[in-house]
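Each value in this text was obtained by applying a stated rule to the coordinates, not by laboratory testing. Every value quoted in this text rests on a predicted model; they were computed, and no experiment measured them. FYI the Cβ positions are ideal-geometry reconstructions off the backbone, even for glycines, and counts take in every protein chain you see.
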Amino acid sequence: MEEKELIRLAQEGSQQAFSVLVQNHQNRVFNLALSLTRNREAADDLTQEAFIKAYLALPKFRFRAEFGTWLYRIAVNQVKDYLRKMGRRREVSLETVNEQEGHFETDEGNREKEALQERRRRLVHQVLWSLPPKHQVILSLRDIQGYSYEEIAMILKISVGTVDSRLHRARILLRKKLAPFLSQEGGLYEVS
Amino acid sequence: MRCHNAERWLLRDLDGRLSNQAKMKLEVHLQGCRGCTLKKKDYGLILGVLRAEPSSTPPDFWGRLQAKLNDRARATPWAWMRAWSLRAVPLSLLVILTLVVTMLFFFPSRDRDLSQTEALLLRNENPYLETKALFEETHLENKNLMLIFTADEKSPSRSFRP
């Protein structure tokens, strides 16, 4: 059955049709929430809340946008609210990161490649969380989830040009915060 | 090319949004700029680390969601009414509009005074009905009074009614 038909049935109150819509989109919404929270439990709760909001708002859905885009917009707003409530905007000082990662320098020779990759991921995500929510969201949508510029523009209701410039600023900010760990020849995080 | 522009271009290049011509210009710049080459390497590393491996939702996602939806529905029994209220507003307006139009078209307007010709043609009234009493009046004084009152037809207050 086509998505439009499923939406119409769900608008009339069919939970069965809505369950198919949920099945089609739950993983993408979950991954989006997970990339921003890095917490499976919180991501699960946010995904559920996003679907509940979507279900309640479904009678107002007028097919002006793709259902997926509309749904991801709800999910993004949900996650943004969560990040604000959790005070995610806390600054991660580079000293803290250095302390956390300090032991890594001496042991690096003995670590396996996967462990190194995991540490890199943790570090990059930690710095990512310290960015303002709008930068976190755009980096998550593009660089973690891999949405196209056009999809991001529709989800965030901004122009493609704004996506380009906001993404550019967010990436520069992220790189600047990570600068002490990057581009050091023979350094800790050099790609070998 | 300035390094500031080169950074913008190399980020676009990583997204596959740079034209071939711009790509060549960027390559030329990168060959002569160690700083931008390192930036390119940094961005490659950062974006590579960020790229997530897709994950799946915890088990029984729909079951748990359905339970929450049912709880909400029980908690707000009038939710369906709210959902339909938005549709009900334009529908009610349409019904009212239809009623008004119907009344305007099908209900006759208030009777207005018809001329004698209109009365003759539209109501098939006998034009001599009003004058019958006048002709039959034998008393001269009354007859004259009747003639006086019927002379001015434009003034309904003065018109004679037998």
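Report, in debye and to the nearest 20, how large the dipole of segment A:3-86 comes out about its Cα centre when Lys and Arg carry +1 and Asp and Glu carry -1 on their Cβ.
360 debye
Starting from the Cα of B:Asp71, step 7 Å along the direction of its Cβ; do the same at B:Glu27; then give the gap between the two resulting points in nm.
Label at B:Asp71, label at B:Glu27, 5.9 nm between them.
With a point put 7 Å past each Cα toward its Cβ, work out how far B:Leu129 is from B:Ile148 in nm, to one decimal.
Each label point lies 7 Å from its Cα, and together they span 2.7 nm.
Please work out the C-alpha center-to-center distance from segment B:120-149 to segment A:1-57 and express it in whole Å.
Each part's Cα centre sits 88 Å from the other's.
Across peptide B:62-72, how many C-beta atoms of other chains are within 10 Å of each residue C-beta, on average?
4
Given charges of +1 on the Cβ of Lys and Arg and -1 on the Cβ of Asp and Glu, with all other atoms neutral, how large is the dipole of segment A:16-58 about its Cα centre, in debye to the nearest 20?
In debye, rounded to 20, segment A:16-58 gives about 140.
Rounded to the nearest 0.05, what FRET efficiency is calculated for A:Lys53 and B:Leu91 with R0 set to 35 Å and r the Cβ-Cβ distance?
0.85
Would you work out the charge dipole size for segment B:3-50 about its Cα centre, treating the Cβ of every Lys and Arg as +1 and the Cβ of every Asp and Glu as -1, and quote it to the nearest 20 debye?
The dipole of segment B:3-50 has a size of about 80 debye.
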